Amino acid sequence: MEASVILPILKKKLAFLSGGKDRRSGLILTIPLCLEQTNMDELSVTLDYLLSIPSEKCKARGFTVIVDGRKSQWNVVKTVVLMLQNVVPAEVSLVCVVKPDEFWDKKVTHFCFWKEKDRLGFEVILVSANKLTRYIEPCQLTEDFGGTLTYDHMDWLNKRLVFEKFTKESTSLLDELALINNGTEKGSQQEKDRSVDINFLPSVDPETVLQTGHELLSELQQRRFNGSDGGVSWSPMDDELLAQPQVMKLLDSLREQYTRYQEVCRQRSKRTQLEEIQQKVMQVVNWLEGPGSEQLRTQWGIGDSIRASQALQQKHEEIESQHSEWFAVYVELNQQIAALLNAGDEEDLVELKALQQQLSDVCYRQASQLEFRQNLLQAALEFHSVAQDLSQQLDGLLGMLCVDVAPTDGASIQQTLKLLEEKLKSVDLGLQSLREKGQGLLDQISNQASWAYGKDVTTENKENVDHIQGVMEDMQLRKQRCEDMVDVRRLKMLQMVQLFKCEEDAAQAVEWLSELLDALLKTHIRLGDDAQETKVLLEKHRKFVDVAQSTYDYGRQLLQATVVLCQSLRCTSRSSGDTLPRLNRVWKQFTITSEERVNRLETAVAFHSNAEKILQECPEQPEAINEMEQFDEIEAVGKSLLDRLTVPVVYPDGTEQYFGSPSDMASTAEHIREKMKLVSLKKQQLRQPEATTTES
């Protein structure tokens, strides 16, 4: 009988074995009666189950039954006691009926159990709960009877269920493992050729059963040696009650059979794994040498443009993606083979190493082909990219050369020339890079042997080589044509730079001459305070005129050079209708102004010289002055000079200019008048002696 079958009845706690023992070491069976009517059939089933637990040796020492009637009626107690005669007559040695205080005294006289001892087969005593210790030690009684023994019925029941479940599962598992192990040993050779069948697995998990058994054994051992709350230990599932040796024996047998089973499984798993590895290795090898190699055989071109090369690269990436899946399988298989090799089974080492070598050779060969193809396509893409950039640079340079230069100024021409040189240098660098990329690509193609794709690729290689060489030759010719055009354009632009430089310098000469004219009118205004100073000013003026003459001649030469350059460039110079007239006009104005300046200075020299000569004559020597006409001449020259100071310089175009400011002219005129007064005063002084002589 199993506890799980009568679990609802056992939960009612109609009877229980607390683990306590009487003075004869017999087990104590407790029947706690309650106020409600006790189901005798259920009590009988409970007693049958409880009495089946102890060993025969334990049963031989007899039982002490405690019938707790404190909460029950007398007739129920009597029925229970009489039932014990039928259920366990031989095992019961003493029945202690715990009575309530002063309640059964009269009824006991009608039925004395001690008189029925021979008929019942065991002794029955009525005893109060507080006097129960006369027959049983307090440490063997539960707390309900004033003892110190701890008992938890639900805990006992749960442990009992675990024990019975473990016993049932372990016994069944032992039979299955023994059948599996024995059958495997007899037909181990035939098993190598068969895959593992579902019936090969046991019905329950051995690990779970072993864990359950260990936990159960640990609980039993712990409860056996450790007391509860400092009291005496309670072990209702010890050697006598729950057959701890049986648990240990089952565990030992189970471990032994499970170890053998694990070895059988390991051998079968290893063999199965080896067969799976062989199958997967052949799948990888067959695909790489079949469809994988065929994909590479159809890919040999490098494309004739960036777009074509990119399309080939995309196609190659798809091929690589398919190969990557098989390479991942290769890595996994290689790890599995390495793990099996580390296991060190001699019988499988040779086969495993052969599989590993075969797999590695095929995968590495295919990976090398993929890498070679990828590098070739990358080199082709770089070549076409450089070729396209160079072509665009040549187109830009050619477009720049085909546009006629529109002369604006020398700086812009210089900038355009610099840009042209930079573009030509960039083209040189681009062509050099194209040659390097092309040569590298040709070297890779020349290394492409027939084994790379499993076919003769001589024809395909020739097409690729011809294409690369054709691109490089075409770029070289285009670059040479551009260089020739650049040489012509450079010469023309240099002439333009020279032209603009001549025009700028000629314009500058006009500006300088204008500045000299302006300086002549505004700063060259003094006529000197005496003859000596005036002569110095006259000499300085002649040198000033020489500078202006040189400036004018320089401008004329530049304009003549401009005409020659314009004829060479077949263009119209802006200076031909602008700068030359301006130069001539300014020079004409300067010449007129200079002549006026010379006339004034020469007149001033004559005035100062004559005036100073007269003023230096001594009054005592009147004979030195022959005629009075000299005074009149000086006066006439002075007036003429004063008149010139008030008259402007008139140019051919009708414009007029004055020397200096009115204040400057007034100051100069005042100085001349002062000197004329001195001359007039001198004249008067000379006339007085002459008048006196006449009168006398």
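The values are calculated or read from the model by the stated rules, or taken from the named source; none is laboratory data. What you see is a predicted model; the values in this text were computed from it and never measured. Cβ placement follows ideal geometry from the backbone for every residue including glycine, while neighbour counts extend to all protein chains displayed. Just so you know, the surface numbers come from the protein's heavy atoms only, side chains and all, with ligands and any DNA or RNA stripped out. Shrake-Rupley method; radii C 1.70, N 1.55, O 1.52, S 1.80 Å.
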Please work out the C-alpha center-to-center distance from segment 344-395 to segment 283-336 and express it in whole Å. 9 Å
Once phi is turned into θ = phi - 60°, what whole-Hz ³J(HN,Hα) does the Karplus curve with 6.51, -1.76 and 1.60 give for every residue of segment 601-613, x standing for Gly and Pro? 5, 5, 5, 5, 4, 5, 4, 5, 5, 5, 5, 5, 5
Rounded to whole Hz and in sequence order, give me ³J(HN,Hα) for segment 259-268 from the Karplus expression 6.51 cos²θ - 1.76 cosθ + 1.60, θ = phi - 60°, writing x for Gly and Pro. 4, 5, 5, 4, 5, 4, 5, 4, 5, 5
Cα-based convex hull, segment 524-687, per residue volume (Å³, whole number): 117 Å³
Could you calculate the FRET efficiency of MET154 with ALA178 from 1/(1 + (r/R0)^6), where r is the beta carbon distance between them and R0 is 35 Å, rounded to 0.05? 0.45
Please give the Cα centre distance for segment 496-572 versus segment 632-674, rounded to the nearest Å. 26 Å
Would you pull out the residues with amide H under 5 Å of ILE136's amide H, same chain only if 5 or more places away, H placed 1.01 Å from N? none
Ranked highest first by average number of other Cβ atoms within 10 Å, how do 205-218, 591-604, 645-658 line up? 591-604, 205-218, 645-658
With a 1.4 Å probe and all protein chains kept in place, how much accessible area does GLU289 have, in Å² rounded to the nearest 10? 100 Å²
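Can you tell me the length gained on complete extension of the stretch GLU421 to ASP389, counting 0.36 nm per residue apart and subtracting the Cα distance? Working shown, then result.
On the way: separation 32, 0.36 × 32 = 11.52 nm, distance 1.76 nm.
Extending this stretch completely gives an extra 9.8 nm.
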Measure off 7 Å from each Cα along the Cα-to-Cβ vector at GLU318 and LYS639, then give the distance between these two points in nanometres to one decimal. 11.8 nm
With a point put 7 Å past each Cα toward its Cβ, work out how far GLU207 is from ASN286 in nm, to one decimal. 3.5 nm
Distance in nm between label sites at GLN616 and ASN599, each 7 Å beyond Cα in the beta-carbon direction? 2.9 nm
Mind listing the long-range amide H neighbours of VAL95? Cut-off is under 5 Å, sequence gap 5 or more, other chains count too, H placed in the peptide plane at 1.01 Å from N. VAL65, GLU123, VAL124, ILE125
